[in-house]
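Accompanying notes for the structure given below.
The values are calculated or read from the model by the stated rules, or taken from the named source; none is laboratory data. These numbers were taken from a predicted model, which means no experiment stands behind them. Cβ placement follows ideal geometry from the backbone for every residue including glycine, while neighbour counts extend to all protein chains displayed. All accessible areas refer to the heavy atoms of the entire protein, side chains included, with ligands and DNA or RNA removed. Shrake-Rupley method; radii C 1.70, N 1.55, O 1.52, S 1.80 Å.
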Amino acid sequence: MVIRMIKIKNLNAGYGKLQILFDINAKVEKGKITTVVGPNGSGKSTFLKTLFGLTKIYSGEIIFNNKNIAHVPPHQKARMKIAYLPQTNNVFADLTVEENLKIAGYVLDKDKVKERIEIALNIFPELKNILKRKAGTLSGGQRQFLAMGMALVRDAEVLMLDEPTAQLSPKLAEVIFGKIVEMRDEFGLTILLVEQNAKRALEISDNGYMFVSGKVAFEGTAEELLNHEKFKEYSLGITAL
Amino acid sequence: MEILRTENIVKYFGEFKALDGVSISVNKGDITLVIGPNGSGKSTLINVITGFLKADEGKVYFENKDITNKEPEELYHYGLVRTFQTPQPLKEMTVLENLLIGDINPGENPTTALFYKKWIPKEEEMVEKAFKILEFLKLSHLYDRKAGELSGGQMKLVEIGRALMTNPKMIVMDEPIAGVAPGLAHDIFNHVLELKARGITFLIVEHRLDIVLKYIDHLYVMFNGQIIAEGRGEEEIKKVLSDPKVVEIYIGE
Amino acid sequence: MSFDIISMILLWFGLYYIVSLSLNMEFGYAGIPNFGKALSVLVGAIAVGGILDRLLMLYFKINGDFITGSTYATSAINTIIASHPIVGIGILILAIILASILGLIVGAIFILPSAKLKEDYLGITLLAISEAVFLICTYNLNIIGGYYGISTPDILAFVSGEYRGWVFAGIVLIIAFLVFLFFERLLNTPFGRVLRAMRENENTVRAFGRNIMMLRIKTMAIGSAIGAIAGVLYSLYTVNIIANAFTRVDWTFFPFLMVLLGGKGNNKGVALGVLCYVVIKVLLDIYKYNIKYALNIPFEPVWLSYMLFGVLMLLILYYKPSGLIPEKPILTPPMKKKIAEIKQ
Amino acid sequence: MIIEGAIIYSNLLVLLALGLTLTYITTNVPNFAQGSYAIVGSYVALTLLKLFGICPYLSLPVLFIVGAIVGLLTYLSLKPLIKRNASVEMLMIATLAIDLILLGVIGAYSEVLSQIVGSTQAKFVFANLDFSIFGFRGILFVSTLVVILLLFGLYLLLYKTKFGIALRASMENPSLAQTMGIDVEKTRLFSWILSGALAGVAGGLLPFMQEIVPATGDLIIISIFAASIVGGLRHISGALIGGYIIGISESLITYYLAMAFGAGFLVYGKVVSLIIMIATLLIAPYGITGVDWKKVRKRLFSQ
């Protein structure tokens, strides 16, 4: 039986008066990687922000564990085991790596935080040697490791990642994709991924959505998306809906 | 004929090199489009061109005059105006007032303002023009509404209308149709086409190729602060869009 | 008694209306948080006490220290005014001209260090500059007599004491009305429009060719010149300048209160705000001891009025930030004409 | 002796500027009432002294609490405006209004106290109560001790406790802090309470330095702003650096000017602060801690 983790119904959202998302229907399945792809400006990042409560929702529902969480404020969503990683500014630059990891476990009790940091450092051993460094001094890749490590510390069930490979070298991007798969397989995390690097992201995903101009252009398994006849045109944003 | 040229623009934000030697050339009367993934430096480029950011290295020429790092208010007098990514209407002011700000009236000087004869003729001209533009943009019924009460798309139109008030030589637009419904988005670009016919040059940053592709003359693709592809004319633009390098940055290989 | 109250209300209404109108241009239209408004009023006092008094001393060839010298000089000129009213009026006009010029210069310089700053730094700097000048004027007895005070010419020395208040109130009201006409004419123009645009969004205004710094300098120069006129009138009315009187509370905070209460960006609304404030102020001033004993308050009522006006300001900010009469779009004559055409 | 005075004054400025900077970082409100917070503390200390004979040094804990309450009340009265996204001008006006209310309360209270005590309390000093060690005034040691304790406490709080790390996190990036489940509101509340508390303590020490009247707060606010701005309003450490720069230069420069031009110059201390503040704004608008030193070094070496 498929357990639906998050179900999105007729979602309309945007910033102030600028509507970005139009009537989105989607679902995210437990323990799987769901990837949203689409050209720039198609609203895929806005989609993640909306799920986490950082935009204005005009109408629609976000059902999580049988509850509509469309209007739950962000800091409470963090307590519902939903973690969201923004694309930029996703670590605290003035805090050390260690403090960043600790603060990620803000809502957990002390022993639990220790345990989770241990787990995060096992998946991201790259962080072990730089625990005392300020996050602001890290390289792009290290910062991304830290951000994902922080998400792991949070002991979340759902992980929403906004373009984790943006501005990284292809080699590093490959490592990041590997870690994402590892997180799913080792901890059964449910992952919702937004990626510019559509092809590679879909190759590691289970399900996918193609967004165009704030609407769902098509959906299906990752494989179905990759083989869709209009995949390339839509990804470049050349063809209208 | 070239109207705007940048030579090897470099711009740092702290350690991060947002622009890494960008050289573009914009022809007079063309609609030139710059695309690229998020964070590739498009907005930074037009902020440098319009004086809102200062380049660390490189030059900008407009009609062969060096305009590098000039203040925005100076560039306006060269005939270079811009619109913003998030519309920046003067919210508490009416649509008509918003348009009138697009042109400079001698009555803006306090000493002249007191002598109505000195500025009324220009004001009459401006009001006539503003209403013509409002008609052209199909906004005339909204002239006395506060700009803050408009929809996002209407705000974008008001911004364009304001840019038209001075007969600029060139309009730089930062995502003019982001968040605009497709119908209105095409309307906006049809207006752009009409203005192009009147000799105005456009430099536009916009993601929504599905809508804008058929309107443009010249395309630049940016990635990681560099120009990675360029094409002029329908054929070349098509070629650019099927260039594996471009496809790769959009889809991943 | 009650007649006196009315003349007091009229007088203070006129004085505060002049200050508030100038603040309304700076803050209501141009969005400059001029927390140093008191400085411009003080400049008016400096024009009268610091310059005019010295000119009189020169004229009457009085030597000696400034404070006593100015007393002799003013009593000498008062004798002349008593028999030649035209001299009194001339001195008033001369003082206003002097003060406006001085205000123009001080206003333009005053904003310079901060003209490029964000609103918060701007407000802090203006307040600090104003406060520093206030301190210098209070402790340096050579500028306007400091905390000792100096006397100023009685421009109405020819009017008998019982009518003086009325005549002076009349003069102040006439000048306030002229200032009102001046601002209405000055601001219902492209100038007023560009000031509002600057308040709404500086980037847009810059992108359309205006120099924000120049606009701020011009605005503050005009605003300070007008504020200085109020300073002149106040100094001439009291026939005596004490530097301590030009406090931040009286000449910055209360004008802000009046502008916000009446409606920022609306010159007519501001009149209403000023009237409300002045009626309360004058009644409190006159009946303060009656109030003190009636309510059995164990302290000076001035403290109570501070608390009341502070709370009133908060209430305005909470419930009526656009004031009693909100601002209206600026319609220049050509706009009115065109709109009338369309409506037909 | 003049250096002694300069250090004492700087210590007090640090306490006050730190509070101002804290609330500015967390809520973006320049608090014009900060000076009056201190004077509330001064009068509470005076009351405890006059009515119960408690030495002002011993009443510092009480002042800490009273100040905290004043800070809390200020924040609660600003909150409706912050929630409505009021512009910073409006928030500044609101703090000016609160300052005026405090001035009214302090003034009224000073008269009530005078009546209870039976002699006027409109002006007062504590300097005559002070002890001395090796010829130095006690306030020098006490104020230095308070600053050291404060810095040590702040260090422990900000670097060693979970809440402190959360506080630093939400100062740097409130929206990211929210995604971590931190209630940013709590950290704001805390910063206002601490800001008031520090000012309350400073207020208990201030009368050892100078004469207090109800309006003293409106005067020292200039020095407080100057200290915070010179140091940089965006960093807590800015208040420390700025506090000493302004405190020492205000005392020393006016002292030497007075030596050169006569005692009349002593009253121009605030003018010195103002000039330093304006110079900072022109050269480095974000203060000493806001300067990108790397860039400066680069520029210096490239020339």
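Restricting attention to the stretch D:68-92, which residues are open to solvent by less than 20 Å² (accessible area, probe 1.4 Å), within 8 Å of another protein chain (Cβ to nearest Cβ) and closer than 18 Å to D:Thr21 by Cα? Residue satisfying the conditions is D:Met92 alone. Taking into account only those residues within the stretch A:50-93 that are among the β-branched types (Val, Ile, Thr) and under 30 Å from A:Ser139 (Cβ atoms), which is most open to solvent (accessible area, probe 1.4 Å)? Within the stretch A:50-93, the match that is most open to solvent (accessible area, probe 1.4 Å) is A:Thr88. Would you mind stating whether D:Thr120 is of a type in the set (Val, Ile, Thr), surrounded by fewer than 14 Cβ atoms within 10 Å (Cβ to Cβ) and within 14 Å of chain C (Cβ to nearest Cβ)? When the stated conditions are applied, D:Thr120 passes them.
Among the residues of the stretch C:322-339, the ones that are open to solvent by 50 Å² or more (accessible area, probe 1.4 Å) and either in a helix (DSSP H, G or I) or not charged (D, E, K, R) (or both) come to 9 in all.
Residues in the stretch D:1-57 that are open to solvent by 10 Å² or more (accessible area, probe 1.4 Å), under 29 Å from D:Ala108 (Cα atoms) and not in a loop (DSSP other than H, G, I, E, B): 9 in all. Scanning the stretch B:196-219 for any residue that is open to solvent by less than 10 Å² (accessible area, probe 1.4 Å), more than 21 Å from B:Ser242 (Cα to Cα) and at pLDDT below 90 turns up nothing. Is there any pair linking a residue in the stretch C:78-104 that is farther than 17 Å from C:Val232 by Cα to one that is open to solvent by less than 30 Å² (accessible area, probe 1.4 Å) and modelled with pLDDT of 95 or more, with Cβ under 6 Å and at least six apart or on different chains, and which? Within 6 Å, no pair qualifies. From the list D:Leu274, D:Leu282, D:Leu233, the lone residue that is closer than 18 Å to C:Ser114 by Cβ, open to solvent by less than 30 Å² (accessible area, probe 1.4 Å), more than 13 Å from the chain's Cα centre (by Cα) and within 14 Å of chain C (Cβ to nearest Cβ) is D:Leu274. Here the stretch A:48-67 is the region considered, the condition is being over 12 Å from A:Met5 (Cα atoms) and away from every other protein chain (no Cβ under 14 Å), and the residue that is farthest from the chain's Cα centre (by Cα) is A:Ser59. Pairing each residue of the stretch C:296-319 that is within 7 Å of chain D (Cβ to nearest Cβ) and over 26 Å from D:Asn85 (Cβ atoms) with any residue that is among the charged types (D, E, K, R) and assigned to a helix (DSSP H, G or I), provided the two are 6+ apart or on different chains, yields C-beta distances under 6 Å for C:Phe299/D:Glu111. Please work out if A:Glu174 is part of a helix (DSSP H, G or I) and more than 10 Å from chain B (Cβ to nearest Cβ). Yes: the conditions hold for A:Glu174. Across the stretch A:197-222, the qualifying residues are those that are open to solvent by 20 Å² or more (accessible area, probe 1.4 Å) and closer than 14 Å to A:Gly43 by Cβ, and the one among them that is modelled with the lowest pLDDT is A:Ser213.
Restricting C:Gly146, C:Gly103 to those that are on the phi > 0 side of the Ramachandran plot and either open to solvent by less than 40 Å² (accessible area, probe 1.4 Å) or not β-branched (Val, Ile, Thr) (or both) reduces the list to C:Gly146.
The rows are residues; the columns are (1) out of contact with any Lys or Arg (no Cβ under 7 Å at 6 or more places or on another chain); (2) free of Cβ contacts under 8 Å to residues at least 12 places away in the same chain; (3) more than 8 Å from chain C (Cβ to nearest Cβ).
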residue	(1), (2), (3)
B:Lys65	yes, no, yes
B:Pro72	no, no, no
B:Pro87	no, no, yes
B:Leu96	yes, no, no
B:Lys117	yes, yes, yes
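All of (1) within 25 Å of D:Tyr43 (Cα to Cα); (2) aliphatic (A, V, I, L, M); (3) surrounded by fewer than 24 Cβ atoms within 10 Å (Cβ to Cβ) hold for D:Ala227 with one exception: (3). Can you pull out every residue in the stretch B:24-68 that is closer than 18 Å to B:Lys169 by Cα and in a loop (DSSP other than H, G, I, E, B)? B:Ile24, B:Lys28, B:Gly29, B:Asp30, B:Thr50, B:Gly51, B:Glu63, B:Asn64, B:Ile67, B:Thr68, listed by residue number. In summary, C:Asp285 fulfils each of the numbered conditions (1) assigned to a helix (DSSP H, G or I); (2) within 12 Å of chain D (Cβ to nearest Cβ) with the single exception of condition (2). Taken as a whole, the stretch D:195-206 holds no residue that is more than 10 Å from chain C (Cβ to nearest Cβ), more than 30 Å from D:Ser59 (Cβ to Cβ) and hydroxyl-bearing (Ser, Thr, Tyr). Figure legend. Inter-residue proximity from the stretch C:117-129: first residues more than 8 Å from chain D (Cβ to nearest Cβ), second residues aromatic (Phe, Trp, Tyr), beta-carbon distance below 6 Å, spacing 6+ or different chains. Indicated pairs: C:Leu126/C:Phe35. Against the conditions (1) more than 14 Å from chain C (Cβ to nearest Cβ); (2) modelled with pLDDT of 90 or more, B:Phe13 satisfies every one except (2). Listed by position, the helices (runs of 4 or more DSSP H) enclosed by the stretch B:107-173 that each have at least 1 residues that are open to solvent by less than 10 Å² (accessible area, probe 1.4 Å) and closer than 21 Å to B:Val212 by Cα are B:152-164. For the residues A:Ala120, A:Ala104, the requirement of being without any contact (Cβ under 8 Å) to a residue 60 or more places away in the chain, small (Gly, Ala, Ser) and within 11 Å of chain D (Cβ to nearest Cβ) singles out A:Ala104.
Does A:Asn40 satisfy the criteria of being within 12 Å of chain B (Cβ to nearest Cβ) and either among the acidic types (Asp, Glu) or touching a strand residue (DSSP E or B) at 6+ places or on another chain (Cβ under 8 Å) (or both)? Before the answer, list the steps.
Numbers: within 12 Å of chain B (Cβ to nearest Cβ): yes; either among the acidic types (Asp, Glu) or touching a strand residue (DSSP E or B) at 6+ places or on another chain (Cβ under 8 Å) (or both): yes.
It is true that A:Asn40 is within 12 Å of chain B (Cβ to nearest Cβ) and either among the acidic types (Asp, Glu) or touching a strand residue (DSSP E or B) at 6+ places or on another chain (Cβ under 8 Å) (or both).
Scanning the stretch D:154-193 for residues that are buried (at least 22 other Cβ atoms within 10 Å of the Cβ), more than 7 Å from chain A (Cβ to nearest Cβ) and more than 24 Å from the chain's Cα centre (by Cα) yields a single hit, D:Ala177.
The sole residue among D:Gly153, D:Gly135 that is farther than 29 Å from A:Lys77 by Cβ and modelled with pLDDT of 90 or more is D:Gly153. Within the stretch D:128-153, the set of residues being under 13 Å from D:Phe208 (Cα atoms) and open to solvent by less than 70 Å² (accessible area, probe 1.4 Å) comprises D:Asp130, D:Gly138, D:Ile139, D:Leu140, D:Val142, D:Ser143.
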